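A.B. asks: This is the structure I want to talk about, given as structure tokens.
The values are calculated or read from the model by the stated rules, or taken from the named source; none is laboratory data. Everything numeric here is computed off the predicted structure, so don't read it as measured data. Backbone-built Cβ (ideal geometry, glycine too); neighbour counts: all protein chains shown. SASA here: full protein model, heavy atoms, side chains in, ligands and nucleic acids out. Shrake-Rupley method; radii C 1.70, N 1.55, O 1.52, S 1.80 Å.
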Amino acid sequence: MKIKVCEDTSLIAPLLKELHEHHLKLDPNLFKKVPDHVYSEIAARALASGEHHFYLAFQDEVPVGFIWLEELPVRENDLVHLERSLHISGLVTKNHLRGQGIAEAS
């Protein structure tokens, strides 16, 4: 398996759709049903901001999951000098591949 930075919305959108549909099943009162084109638009807006980063997991050159990271401002405090941190906005593995360690830390 390979992990690669990805800015291709055609690869990101199907995984984002799978994540959203999972959330929709869990809480249909919170999450909205949306047309498929919305997933590409969301990914494109996120990438255009320069503050969102998608890392896709590939198995035999096929995307099987992603982690979506968002840069967020952080105030300096007694422990850190950072001005930004990374927040996990999304984490998904294709349904049929769950439980195989794709989303585990190594």
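A.B. asks: Please work out which residue is surrounded by the fewest Cβ atoms within 10 Å (Cβ to Cβ), limiting yourself to the stretch 39-51 and to residues that are touching a Ser or Thr at 6+ places or on another chain (Cβ under 9 Å) and among the small types (Gly, Ala, Ser).
C.D. replies: The residue in question is ALA44.
A.B. asks: Taking into account only those residues within the stretch 56-81 that are in a loop (DSSP other than H, G, I, E, B) and open to solvent by 90 Å² or more (accessible area, probe 1.4 Å), which is farthest from HIS20 (Cα to Cα)?
C.D. replies: ASP78
A.B. asks: While we're on this one: Listed residues ALA46, ALA13; which is closer than 26 Å to ARG98 by Cα, modelled with pLDDT of 95 or more, assigned to a helix (DSSP H, G or I) and in contact with a His (Cβ under 7 Å, 6 or more places away or on another chain)?
C.D. replies: Result of the check over ALA46, ALA13: ALA46.
A.B. asks: Would you tally the residues in the stretch 1-38 being touching a strand residue (DSSP E or B) at 6+ places or on another chain (Cβ under 9 Å), charged (D, E, K, R) and either closer than 23 Å to GLU51 by Cβ or surrounded by 13 or more Cβ atoms within 10 Å (Cβ to Cβ) (or both)?
C.D. replies: Summing the residues that are touching a strand residue (DSSP E or B) at 6+ places or on another chain (Cβ under 9 Å), charged (D, E, K, R) and either closer than 23 Å to GLU51 by Cβ or surrounded by 13 or more Cβ atoms within 10 Å (Cβ to Cβ) (or both) in the stretch 1-38 gives 4.
A.B. asks: In addition: State all residues of the stretch 85-106 that are farther than 22 Å from GLU18 by Cβ and at pLDDT below 80; if no residue qualifies, say none.
C.D. replies: The one that is farther than 22 Å from GLU18 by Cβ and at pLDDT below 80: SER106.
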